[in-house]
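Comments concern the structure below.
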Amino acid sequence: MENYRLLFVCLGNICRSPIAEGVFAHIAAEAGLGHAFVVDSAGTGAWHVGNPPDPRARAAAAARGIGISHLRARQVTREDFSDFDLILAMDRDNLETLRRLAKGNPGDRAKLFLDFAPAAGLREVPDPYYGGPQGFEEVLDLIEAASRGLLAHLAGNAKPVQRPVSG
Ligand code: 4NP
């Protein structure tokens, strides 16, 4: 199949969703499946459009070997529903906004990201913006778990790594 296109969505696109974009890309690359996915992120709000991720998000991701400083915030658009195969919302508010925006497009291509981490015991990635650095560690943990779950879920559909035929 063609590249599978994933869009991660939160409120500001400077904390949770750019972390998710970076973490999923990193985990897919580690699994040899980096080529199988196109990843992007966006916010339902427009306050931070054009800005890099929050310094606390950059630091927490960098501490796990994941660089996200090159990313820039953008707002989600109606076209995202035709441009992406799956849209992963960080919380229910984001999901509701996405479904309203989807009008006429398949709104069911938007899902709660943490539904791919059933063992996490939470359905929403908490908004870390007004909290301290510990909040970002929890966000990273949840996003890592959901990224692994999502990759496992999609790996059956994703184009397998091309290996030379042996023997
Ligand atoms: P995010 O966090 O949705 O994870 O990017 C937030 C960033 C900014 C704001 C809220 C949440 N804000 O209100 O500006």
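Among the residues in segment 95-105, are any closer than 18 Å to G43 by Cβ, open to solvent by less than 40 Å² (accessible area, probe 1.4 Å) and at pLDDT below 95? Yes, some residue in segment 95-105 is closer than 18 Å to G43 by Cβ, open to solvent by less than 40 Å² (accessible area, probe 1.4 Å) and at pLDDT below 95.
The C-beta contact set for segment 64-92 (first residue free of Cβ contacts under 8 Å to residues at least 60 places away in the same chain and polar (S, T, N, Q), second residue open to solvent by less than 60 Å² (accessible area, probe 1.4 Å) and in a loop (DSSP other than H, G, I, E, B), distance under 8 angstrom, 6+ apart or interchain) comprises S69/P52; S69/P53; S82/N105. Checked against the criterion of being over 26 Å from R78 (Cβ atoms) and modelled with pLDDT of 95 or more, the candidates D115, D141, D127 yield just one match: D141.
Here H153 clears all of (1) more than 24 Å from A46 (Cα to Cα); (2) not in a helix (DSSP H, G or I) except the condition numbered (2).
Tell me, please, whether a residue that is open to solvent by 20 Å² or more (accessible area, probe 1.4 Å), modelled with pLDDT under 95 and farther than 30 Å from G132 by Cβ can be found in segment 3-24. Yes, segment 3-24 contains at least one residue that is open to solvent by 20 Å² or more (accessible area, probe 1.4 Å), modelled with pLDDT under 95 and farther than 30 Å from G132 by Cβ. Taken together, the residues in segment 55-77 that are open to solvent by 20 Å² or more (accessible area, probe 1.4 Å) and in contact with a Pro (Cβ under 9 Å, 6 or more places away or on another chain) amount to 7. For segment 78-89, how many residues meet the condition of being open to solvent by 60 Å² or more (accessible area, probe 1.4 Å) and within 16 Å of the ligand (Cβ to nearest atom)? Of the residues in segment 78-89, 0 are open to solvent by 60 Å² or more (accessible area, probe 1.4 Å) and within 16 Å of the ligand (Cβ to nearest atom). Apart from one condition, T44 fits all of (1) touching a strand residue (DSSP E or B) at 6+ places or on another chain (Cβ under 8 Å); (2) more than 11 Å from the ligand (Cβ to nearest atom); (3) free of Cβ contacts under 8 Å to residues at least 60 places away in the same chain; the exception is (2).
Take the residues of segment 7-27 that are near the ligand (Cβ under 7 Å from one of its atoms) and either assigned to a helix (DSSP H, G or I) or of a type in the set (A, V, I, L, M) (or both): which is farthest from A60 (Cα to Cα)? Here the residue is L11.
For R92, indicate whether it is open to solvent by 80 Å² or more (accessible area, probe 1.4 Å) and either away from the ligand (no atom under 13 Å from the Cβ) or within 17 Å of the chain's Cα centre (by Cα) (or both). Judged against the criteria, R92 is a match. Restricting A119, A31, A36 to those that are buried (at least 18 other Cβ atoms within 10 Å of the Cβ), in contact (Cβ under 8 Å) with a residue 24 or more places away in the chain and within 15 Å of S147 (Cβ to Cβ) reduces the list to A36. Taking the criterion of being more than 15 Å from the ligand (Cβ to nearest atom) and either under 17 Å from the mean Cα position of the chain (by Cα) or among the basic types (K, R) (or both), the residues of segment 108-140 that qualify are D108, R109, A110, K111, D115, F116, A117, P118, A120, R123.
The values are calculated or read from the model by the stated rules, or taken from the named source; none is laboratory data. Computed from a predicted model, the values in this text were never measured in an experiment. Glycine gets a Cβ as well: all are built from the backbone with ideal geometry, and neighbour counts include every protein chain shown. All accessible areas refer to the heavy atoms of the entire protein, side chains included, with ligands and DNA or RNA removed. Shrake-Rupley method; radii C 1.70, N 1.55, O 1.52, S 1.80 Å.
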